[in-house]
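Visitor: So that we are looking at the same thing, I have put the structure below in structure tokens.
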Amino acid sequence: MCHSSETPMRLVRELETNPLFNSGRGSALTAKGTVEMEASIMDGTKRRCGAVSGVSTVKNPVSLARLVMEKSPHSYLGFSGAEEFAREQGVEIEENEYFITPDNVGMLKLAKESNTIMFDYRIPTAENGKSPLKMNGLPMSAYAPETVGCVVVDNEGRCAAATSTGGLMNKMSGRIGDSPIIGAGTYACEVCGVSCTGEGEAIIRGTLAREVAAVMEYKGFGLQEAVDFVIKHRLDEGQAGLIAVSSKGEVAYGFNCNGMFRGVATQDGLKEVGIWK
């Protein structure tokens, strides 16, 4: 049987190599026009985890996050230290230009030209075309394509989760979002596995992924009830969504924005995809 963290890593790797998603190749660009990627992975059985931030040459950041978990004494490495560790471990490396797509160059230009428009189908816009949303009290001037993530539970009830992203388009260099932060963008334990997407700052403040597990543990909620509670009560004015599985084999999702790309597959042959509510 595969290690419980193997499956989410493999699936996220596939999405990282597809330029249509905001992870790996196709990652959102910083204000400087470069890529700074981040990822995390967590095995719920023993709460083992690994995370990386600020990587700019690693083809599959989620693979590096797993190596941090399995081959280092630490849980989280960032920027030059993460890059050095990647080379020591022999992971596949690409030049920064590999990750930059013409579409994202165009989106960065649009983001720089506007102080308030957020070019994302998930975000409602006012009649004047400006986004009503703010981040930490400031008007949003960033494009936020979808982060990628995966949660799995095996036939023994072991949960795992992984998340990978390029972050926000036009973000400040050095900005770290929720995706690599255990308990915020990613979490797995004995009861569930969770991966989040959306406004990272709000997800961090709400410790969103851990909160799903917490209300299951302390309030006795079922998985979908826990997801609904957290989306409603822990995001304040932030926009986000998440996917989750429980150790009982339940699958759940929730979001408070217009839509969220998602899919589910089971060993019984069930396969479903969705975007809207």
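The values are calculated or read from the model by the stated rules, or taken from the named source; none is laboratory data. This is a predicted model, so every value here is computed, not measured. Quick reminder, even Gly has a Cβ in these numbers, built from the backbone with ideal geometry, and neighbours come from all protein chains shown. For the accessible areas, the whole protein counts, side chains as well, though only heavy atoms, and no ligand, DNA or RNA atoms are used. Shrake-Rupley method; radii C 1.70, N 1.55, O 1.52, S 1.80 Å.
Visitor: Open to solvent by 30 Å² or more (accessible area, probe 1.4 Å), at pLDDT 70 or above and either out of contact with any Ser or Thr (no Cβ under 8 Å at 6 or more places or on another chain) or not in a loop (DSSP other than H, G, I, E, B) (or both) - does that describe any residue in the stretch 120-130?
Guide: No: the stretch 120-130 contains no residue that is open to solvent by 30 Å² or more (accessible area, probe 1.4 Å), at pLDDT 70 or above and either out of contact with any Ser or Thr (no Cβ under 8 Å at 6 or more places or on another chain) or not in a loop (DSSP other than H, G, I, E, B) (or both).
Visitor: Report, ordered by the first and then the second residue, all pairs with beta carbons closer than 6 Å, sequence separation of six or more or different chains, a first member in the stretch 198-209 that is in contact (Cβ under 8 Å) with a residue 12 or more places away in the chain, and a second member that is of a type in the set (S, T, N, Q).
Guide: 198/239; 199/239; 201/136; 209/186
Visitor: Also, quick follow-up: If residue 34 satisfies all but one of (1) among the β-branched types (Val, Ile, Thr); (2) more than 18 Å from residue 79 (Cα to Cα); (3) open to solvent by 10 Å² or more (accessible area, probe 1.4 Å); (4) at pLDDT 95 or above, what's the number of the condition it fails?
Guide: (2)
Visitor: Considering 90, 78, which residue is exposed (fewer than 12 other Cβ atoms within 10 Å of the Cβ) and either over 20 Å from residue 23 (Cα atoms) or not charged (D, E, K, R) (or both)?
Guide: That would be 90, the only listed residue that is exposed (fewer than 12 other Cβ atoms within 10 Å of the Cβ) and either over 20 Å from residue 23 (Cα atoms) or not charged (D, E, K, R) (or both).
Visitor: Another one. Starting from the stretch 6-32, take each residue that is on the phi > 0 side of the Ramachandran plot and list its partners that are in a loop (DSSP other than H, G, I, E, B) and open to solvent by 60 Å² or more (accessible area, probe 1.4 Å), counting only C-beta distances under 7 angstrom and pairs at least six apart or across chains.
Guide: Within 7 Å, the pairs are 26/20.
Visitor: List the pairs whose first member sits in the stretch 226-249 and is at positive phi, whose second member is among the basic types (Lys, Arg), and whose Cβ atoms are under 8 Å apart, counting only residues at least 6 apart or on separate chains?
Guide: From residues that are at positive phi, the pairs are 236/205.
Visitor: Still on this structure, I have one more. Mind checking whether some residue in the stretch 144-152 is over 13 Å from residue 27 (Cβ atoms), of a type outside the set (Lys, Arg) and modelled with pLDDT under 95?
Guide: The answer is no, given that none of the residues of the stretch 144-152 is over 13 Å from residue 27 (Cβ atoms), of a type outside the set (Lys, Arg) and modelled with pLDDT under 95.
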